[in-house]
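The values are calculated or read from the model by the stated rules, or taken from the named source; none is laboratory data. Since the model is a prediction, treat every value here as computed from it, not as a measurement. Cβ: placed from backbone, ideal geometry, glycine included. Neighbour counts: every protein chain shown.
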Amino acid sequence: MRVVVSHRAFLVVLFAALALLPVVANQYTLFVGNLMMLYIILALGLNLLVGFAGQLAFANAAMYGIGAYGAALLQVRLGFSYWIAAPCGALLAMAVGTLLAFPALRLSGIYLALATLAFAQFTQWVLLHWNTVTFGAGGFPVPQPDFSALGMSPDRGIYYVSWVVTVVLLAFAWRVVRSRVGRAFVAMRDREMAAQALGVDLLRYKAVAFALSGFYAGTAGALYPAVLAYVSPEGFDLFQMILHKAMIVVGGMGSIVGSVIGASLLVYLLEVLRQFKATQEIVFGALLLAFVLFQPRGLVDFAKRCLPGWAEPLHYASDSESPADVTVADELVPGSGGGAPR
Amino acid sequence: MLMLSYLLATGITTGALYALVALGIVVVYKATGVVNLAHGELFMMGGFLAYTLHVMVKLPYVLSLLLAVAGSFALGILTDRVAFRPLMKEGLASVLLATIGISFLLKGIARVVWGGKGDFLAFPPLVSPEPIRIGNVMIMSQQLVVLLATLAVMLAFGVFFKTTRAGKFMQATASNPRAATLVGIHVSRVYMYTFGVGAAVAGASAVLMAPLTLLYPDIGFVLFIKGFAAAVLGGLTSVPGAIVGGLLVGIFEQLAAGFIGTTIQDVSAFIVIMFALIFLPTGILGTRGIRKI
């Protein structure tokens, strides 16, 4: 008998298991499950921007931080209820993400990567040094939302909220990549000029990609203070950047299911290595390098080849798409001021 | 006046070091079209290597400098072998992601070997810390030594680039890789040396900088982003531009720190990058860009 594992079945089983987790799990397992869902949201957002739309941006951790600080500070400083503060935090991150799209229209390749990296560092600096608003380097505690009306503890309550939000955002991303917008993203990534010639409005679709990714990261950020009951700048540092990147590369660039797989596995790995920052850096750095070198299409490509029934249409550029004799160096002749990422 | 002169002197010294970091970035970018995102970590490794040799093994300073530079050169070549050569045909994104992987790998290794977060290693000063007065200007003798050494490194680099066979190969490859292949230059070998030379310059600047600041595993990114700011300000493809850019970033940063607040130093790179990208997209000394399809 052939074992048929379809990508849909995989997602259904995973999310059913996550839904049932609170029944059997202790507080720590529940926390890890919740963290897993936050990172699934982050990876989905980043994959839409990097994997589908081909914008090599490094500001995801900053959007995550803006969402978290937005939601937390509105509660602590202005006394908003979590249910109002959280969407505001997510929308704030989305707004900042959209603003980043404007330099992105003029920048490509290396310039975009480094400008967004510098922006991420700037955000980190603001969180650290704008003491009068952000409480500085030490961070601050945030009250968890109250679920006593439903007879649930805050941890359990926010877990179900995260579950619902993750499922909705996953379904939404699933729809987006199969829509006109998703096709425009892929066209823009593969050949910007050709996409433009075919009527893809680059400004509009880059803005949409950055806004979507900002919204996803911001939503994960808005859930963060409710899950951890604490916010500090350290949660949004450079390490987060490589973590999110490693998730989509390990899972599979340009794949929705890949984002889910990458995020789930790497959160587990992160928890195993929790004690040692240096080990985390070595392992995640090595993972990213190894996958880029040996399995550039991620685990999802592996699943697709080995599991009959795994039929997610994958939107990566085909092998014949990039002529083998064109090297990076050929494309980026000195003075050309950067090149289009392919 | 005294404060201004002090700030300028410090700005020029740190700026010269940023210029060296920028030089490595520019040389690699010119030849290969990619920015090595692990450049900062190669810098950091150079510094730690020198620390190990000079402070722990107690080798003389000059010997440790040379060995650290050689070590950085080897690491640069390794970066090419691991992250650039196999991925060259895959495109920019793969190379950038692979070099980020390397940067975190090296940072983690440095943290394991030379201490955890918050461990700052002090490098002994080269000369007595007495300040020297030149007219109205106060300058730390330490800074003067660093400045002179930086100039020497730049000069050595210029001589290498202009006069040696390898340097000419690098120039030819940078200006047109296809034509370079046609006249018999082994282009991928040149890429390898370019990565090595870029890393060696970074290693040298780390050893020069170590006595002025402290060494810690996270220093790489800080220096990389400032070096990149300097390189962008100079046009990213121009070697003199990188030097001018480095000095400008250093001076700007010191003036901002002196007159606004020291924490501004940490974001000076961001401000410069954004300014340069918006107002001077081709840099001060860069050539006008022609966007190729």
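Just a few scattered comments:
- Out of A:24, A:76, sole residue that is more than 28 Å from residue A:210 (Cα to Cα) and touching a strand residue (DSSP E or B) at 6+ places or on another chain (Cβ under 7 Å): A:76
- Yes/no for residue A:47 being farther than 12 Å from residue A:218 by Cβ and within 10 Å of the chain's Cα centre (by Cα): yes
- Meets criteria (among the polar types (S, T, N, Q) and within 16 Å of the chain's Cα centre (by Cα)) for residue B:205: yes
A quick yes/no check of all residues on (1) within 14 Å of residue A:264 (Cα to Cα); (2) of a type in the set (A, V, I, L, M, F, W, C):
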| site | (1), (2) |
| --- | --- |
| A:10 | yes, yes |
| A:17 | yes, yes |
| A:26 | no, no |
| A:35 | yes, yes |
| A:41 | yes, yes |
| A:57 | no, yes |
| A:60 | no, no |
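- Scanning region A:1-58 for residues that are within 30 Å of residue A:106 (Cα to Cα) and in contact with a Lys or Arg (Cβ under 7 Å, 6 or more places away or on another chain) yields a total of 4.
- Among the candidates A:216, A:205, the residue that is in contact (Cβ under 8 Å) with a residue 40 or more places away in the chain and over 16 Å from the mean Cα position of the chain (by Cα) is uniquely A:205.
- Among helices (runs of 4 or more DSSP H) entirely within region B:26-126, having at least 2 residues that are within 14 Å of chain A (Cβ to nearest Cβ) and under 20 Å from residue A:57 (Cα atoms) singles out B:39-51, B:92-114.
- Filter result for residue B:107 (in contact with a helix residue (DSSP H, G or I) (Cβ under 8 Å, 6 or more places away or on another chain), touching a residue at least 24 places away in the same chain (Cβ under 8 Å), of a type in the set (Lys, Arg) and within 25 Å of residue A:238 (Cβ to Cβ)): yes
A quick yes/no check of all residues on (1) buried (at least 19 other Cβ atoms within 10 Å of the Cβ); (2) in contact with a strand residue (DSSP E or B) (Cβ under 6 Å, 6 or more places away or on another chain); (3) closer than 30 Å to residue B:95 by Cβ:
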{"site": "A:145", "(1), (2), (3)": "no, no, no"}
{"site": "A:182", "(1), (2), (3)": "yes, no, yes"}
{"site": "A:202", "(1), (2), (3)": "no, no, yes"}
{"site": "A:236", "(1), (2), (3)": "yes, no, yes"}
{"site": "A:240", "(1), (2), (3)": "yes, no, yes"}
{"site": "A:250", "(1), (2), (3)": "yes, no, yes"}
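- Residue in region B:218-227 that is within 30 Å of residue B:51 (Cβ to Cβ), at the interface with chain A (Cβ under 8 Å from one of its Cβ atoms) and modelled with pLDDT of 80 or more present: yes
- Qualifying positions in region B:127-157 - surrounded by 15 or more Cβ atoms within 10 Å (Cβ to Cβ) and either modelled with pLDDT of 80 or more or part of a helix (DSSP H, G or I) (or both): B:141, B:142, B:143, B:144, B:145, B:146, B:147, B:149, B:150, B:153, B:154, B:157
- Criterion violated by residue B:54 - all others in (1) over 15 Å from residue B:208 (Cβ atoms); (2) surrounded by fewer than 24 Cβ atoms within 10 Å (Cβ to Cβ) satisfied: (1)
- Identity of the residue in region A:96-116, within 7 Å of chain B (Cβ to nearest Cβ) and of a type in the set (A, V, I, L, M), that ends up nearest to the chain's Cα centre (by Cα): A:113
- Test: residue in region A:52-60 that is crowded, with 24+ Cβ neighbours inside 10 Å and touching a Gly at 6+ places or on another chain (Cβ under 6 Å): yes
- Residues that are facing chain B (nearest Cβ under 7 Å), of a type in the set (A, V, I, L, M) and under 20 Å from residue A:251 (Cβ atoms), drawn from region A:272-286: A:286
- Summed over region B:198-255, the residues that are in contact with a helix residue (DSSP H, G or I) (Cβ under 8 Å, 6 or more places away or on another chain), among the hydroxyl-bearing types (Ser, Thr, Tyr), in contact (Cβ under 8 Å) with a residue 12 or more places away in the chain and surrounded by fewer than 24 Cβ atoms within 10 Å (Cβ to Cβ) give a count of 1.
- Restricted to helices (runs of 4 or more DSSP H) entirely inside region A:56-174, those with at least 1 residues that are at positive phi are A:109-129.
- Residue count for region A:271-293, restricted to those that are at pLDDT 90 or above and out of contact with any Lys or Arg (no Cβ under 8 Å at 6 or more places or on another chain): 10.
- In region A:125-134, the residues that are in contact (Cβ under 8 Å) with a residue 24 or more places away in the chain and more than 9 Å from every other protein chain (Cβ to nearest Cβ): A:127, A:133, A:134
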